[in-house]
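K.L.:
Below you will find the structure I want to go over with you.
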């Protein structure tokens, strides 16, 4: 395994590889295929390191979904510390692969998964489960007692902002202030088999919402205004909750905050001990238009042109890899290269074929690749068994995705 080495700040630029580069690299490989451009990937990793300042970054595994890519990222330097998983079952499996210092970002109440976590705890791995209700704590406590382990827990603090007539954020947790956090923390302290170790406050409305979208100046300005107000409110609230928990006698090993889109503002919170990121490495289309930072396209997939129905249009095999979230055009995979390609509005990306309109000057031929980018990061890996790793104009390795390992956690 070659190490992903962050580039120096002097070498980071906006240059991206063009269509001819990828077409040459993929010329002798079967399509469709998913790939990671390691040159761009390393630049994105270095940018995250710079933006994090002195805080460590916990890797968000749902945005990566490949054991080998996770290993490469953690090997990049000590600024990458620990994993933030999306499933307790995933966390237990990754622990069995040798990973440690794992936090599960979402509440887990499936007994089979919690017992799998308990098994890894007995082997000495560190896995922390997330909770936001007394009911969750009680379920975990009963299993922990039966398994004769102590399961570390973290409280999920809701970081949405309530403005007049606007719920700015995601509906994530009922724990939203000092009072509700203290009630839950005290309940954890009363229960055998569990122990409070951390707190997570993910400000999704800041980290995951683009604020500089071309063609949408008014909407982008409104979002930036709401973000500015929200940053002040949520940072103060997270600090107050952490201070209240510690004053009440609770020891927190970590306070996790932020995401790729909020490093600059999350760092302003003195209570945060670590940041979290993952999407900024693959750089899907939903992270293209932030004012505070830029990313380079590092993950994509290539579909083969299988027919040419008319001049200016080619039809590709496969391609209907739609992202989760609210229905809309921004959840579609987008043609990336050759430049100027676009989906047809009345067909979009289809399960078995995807027509693409292109400039007459490009004229892709049957068998040529059309390169696409997914709207979200790790979801691409649910469609492919392997990722081609491209570096310096050649495929240097092939690594398996979770799917390629035979794993699906939801």
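K.L.:
Over the stretch 166-227, with a single point scatterer placed on each C-alpha, what log10 of the ratio I(q)/I(0) does the Debye formula yield at q = 0.20 1/Å?
P.N.:
-0.84
K.L.:
Something else: Stretch residue 189-residue 251 to full length: gain in nm at 0.36 nm per residue minus the Cα-Cα span?
P.N.:
Value of the extension gain: 21.2 nm.
K.L.:
Taking the simple approach of a point 7 Å from Cα along Cα-to-Cβ for both residue 148 and residue 232, what is their distance in nm?
P.N.:
5.6
K.L.:
Right, next: When the Cα centres of the stretch 124-199 and the stretch 82-106 are compared, how far apart do they sit, in Å?
P.N.:
The distance from the Cα centre of the stretch 124-199 to that of the stretch 82-106 comes to 17 Å.
K.L.:
How much of the DSSP bridge set in the chain is antiparallel, in percent, rounded to the nearest 5?
P.N.:
If we restrict to bridges inside the chain, about 50 percent are antiparallel.
K.L.:
Ok, one more. Using a Gaussian network for the chain with springs between C-alpha atoms less than 10 Å apart, which of these wobbles most: 378, 53, 325?
P.N.:
325
K.L.:
Could you pull the Rg and Dmax for the stretch 47-183, using just the Cα atoms, both in Å?
P.N.:
16.4, 50
K.L.:
Given axes a ≥ b ≥ c from the Cα gyration tensor, I'd like to know whether the stretch 38-282 is rounded (a/c under 1.5), prolate (a/b larger than b/c) or oblate.
P.N.:
Here the stretch 38-282 falls in the oblate category.
K.L.:
How far apart, in nm, are two points set 7 Å out from the Cα along the Cα-to-Cβ line at residue 360 and at residue 138?
P.N.:
Each label point is offset 7 Å from its Cα along the Cβ direction, giving 7.2 nm.
K.L.:
Taking the simple approach of a point 7 Å from Cα along Cα-to-Cβ for both residue 313 and residue 170, what is their distance in nm?
P.N.:
The answer from the label model is 3.7 nm.
K.L.:
Related question: Two decimals is fine: what's Rg over Rh for the chain, C-alpha atoms, Kirkwood radius as Rh?
P.N.:
Reported Rg/Rh, Kirkwood definition of Rh: 0.99.
K.L.:
Report the residue, chosen from 263, 165, 79, that carries the largest GNM mean-square fluctuation when the chain is represented by alpha-carbon nodes joined by springs under 10 Å.
P.N.:
165
K.L.:
Same structure again: Using alpha carbons only, how many angstrom separate the centre of the stretch 269-287 from the centre of the stretch 337-403?
P.N.:
25
K.L.:
Direction-averaged shadow area of the convex hull around the Cα atoms of the stretch 134-273, nm²?
P.N.:
9.3
K.L.:
I need two numbers for the stretch 299-404: Rg to one decimal and Dmax as a whole number, Cα atoms only, in Å.
P.N.:
14.0, 39
K.L.:
How much length is gained on full extension from residue 20 to residue 224, taking 0.36 nm per residue of separation minus their Cα-Cα distance?
P.N.:
My answer for the length gained is 69.7 nm.
K.L.:
Ok, one more. Highest mean first, how do 195-202, 107-114, 44-51 rank when packing is the count of other Cβ atoms within 10 Å averaged over residues?
P.N.:
Highest mean packing first, the order is 195-202, 44-51, 107-114.
K.L.:
What residue among 241, 131, 213 shows peak mean-square fluctuation when the chain is described by a Gaussian network model with Cα springs under 10 Å?
P.N.:
So, out of 241, 131, 213, the one fluctuating most is 213.
No value in this document is a laboratory result; all are computed from the given coordinates. On a predicted model such as this, the values are computed, not experimentally measured, just so you know. As a convention, Cβ positions derive from the backbone with ideal geometry for all residues, glycine included, and neighbour counts pool all protein chains shown.
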